[in-house]
């Protein structure tokens, strides 16, 4: 008894309880895609199958008739059901094109398979020849399993419906007096059991495939997030150095201003009997020094504010919206931070950075934090390639250039290095996730892949590479703009 209940539980879990898996909306969306593909496959197979069937019979010398009325038993092809199959196939292709949801797709496919089975059975009953009927119905049952992803219990019901249609027409159509051959019933019953097992296994396989894909996507998302954090850390390392300089200036000029104010107070207190006009030149000199110090404090305070603003933009991630942004200011800020970050990580790296920005470019619709990340990634790779080349030679430091120019409907950003370059094989994979030419531990292979997605998917632009081995590389970013974007202020 315990074994029986165990078997019943297994049957329930494998054939009935699987419908619960479809509570996952993402899994249902995956099944939607399987359904569209299955309907396309069935539609193409129906149309091509009919065409090849008719062609083979024409080659064999068979005659074509629309129905059975008034024809002899000579080799012939009846066209009414073939036209029906072509119409059903066309309907499936249209349903796949409009992308029906999973429920309607299952209902449509089930109805069409039942209609197909009835047409096949009716033709054989009218001919009085049931020799190949079971074989045709087997093909229909296999379509029920291999096209639209039915649940196992639904597949069983569909197979039973096809078998019941066979029994009904053969027993009650009065054209086959002997009834349904027993061997046909046994054969179709075994086929139904096989289809049930196949449907259950295929459904579980699709769910396992979906789960594996989800896990891979989650792992990729985690790696991408780590890459973003690493990029943010790289950015922060450079910013720490950048922000320290203006703060040092602010502190030093503030201390100097305090000393001058004290000196000015002592000067005024020491000569109360004299008018200010008598020592005016010295006092005015001290006041001018105070003004100069105040201007320096303001200048470096504003610089620190710009740096902090850039950090906040970068730290927000890549989920922002495109807004008009002064691209030249943004690129210069990113370039300075990228250089300082790289030099803090590789203090002995030898290269020179030159920045040439098209002054006609002003406000460009971009996601600022994303573009900062792209520029940091591209420059980081350029610095690394240039430093590798410099490490093997004694000449002048390699040059890295950041250039922009305004095109008719786009802004072009070029990052060029005179480093070690890439061969054709590396260029073909350079934007693939996890591809890197750096030694283990020095690169994740996600920086350029992430940059490619940001430029192409988030901004609708392009990111390409031009390189020759030993002759450096140039990464070209194009960002589409509106008709008057370059002239905006």
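Bear in mind that the values in this text are calculations on the coordinates, not laboratory data. Source: prediction; values computed, not measured. Neighbour counts are summed over all protein chains in view; Cβ atoms, including those assigned to glycine, are modelled from backbone coordinates with ideal geometry.
Here the peptides 321-328, 47-54 are ranked by packing, the mean other Cβ count within 10 Å, and the order with the highest first is 321-328, 47-54. Exposure proxy for 346, 452, 166: other Cβ atoms within 10 Å of each Cβ, ordered fewest to most, give 346, 452, 166. Taking packing as the residue-averaged number of other Cβ atoms within 10 angstrom, the listed peptides 369-381, 93-105, 193-205 run from highest to lowest as 369-381, 193-205, 93-105.
In this simple spin-label approximation, residue 153 and residue 78 carry label points 7 Å from Cα along the Cα→Cβ vector, and these lie 3.7 nm apart.
Here 451, 467 are placed in order of increasing Cβ neighbour count within 10 Å, fewest first, which gives 467, 451. For a test of the definition: using alpha carbon positions, the gyration tensor, and the 1.5 limit on a/c, classify region 75-125 as rounded, prolate or oblate. Judged from the Cα gyration tensor, region 75-125 comes out oblate (a/c at least 1.5, b/c at or above a/b). Computed extension length for residue 360-residue 222: 45.7 nm, one decimal, from 0.36 nm per residue of separation with the Cα-Cα distance subtracted. Put simply, the C-alpha atoms of region 14-222 give a gyration tensor, and the ellipsoid matching it has half-axes of 36, 20, 13 Å, longest first. Ordered by the number of other Cβ atoms lying within 10 Å of each residue's own Cβ, fewest first, 169, 351, 435, 150 fall into the sequence 435, 169, 351, 150. Annotation: peptides 337-345, 404-412, 210-218, ranked by per-residue average of other Cβ atoms within 10 Å with the highest first, follow the order 337-345, 404-412, 210-218. Subtracting the Cα-Cα distance of residue 214 and residue 52 from 0.36 nm times their residue separation leaves 54.2 nm of extension gain.
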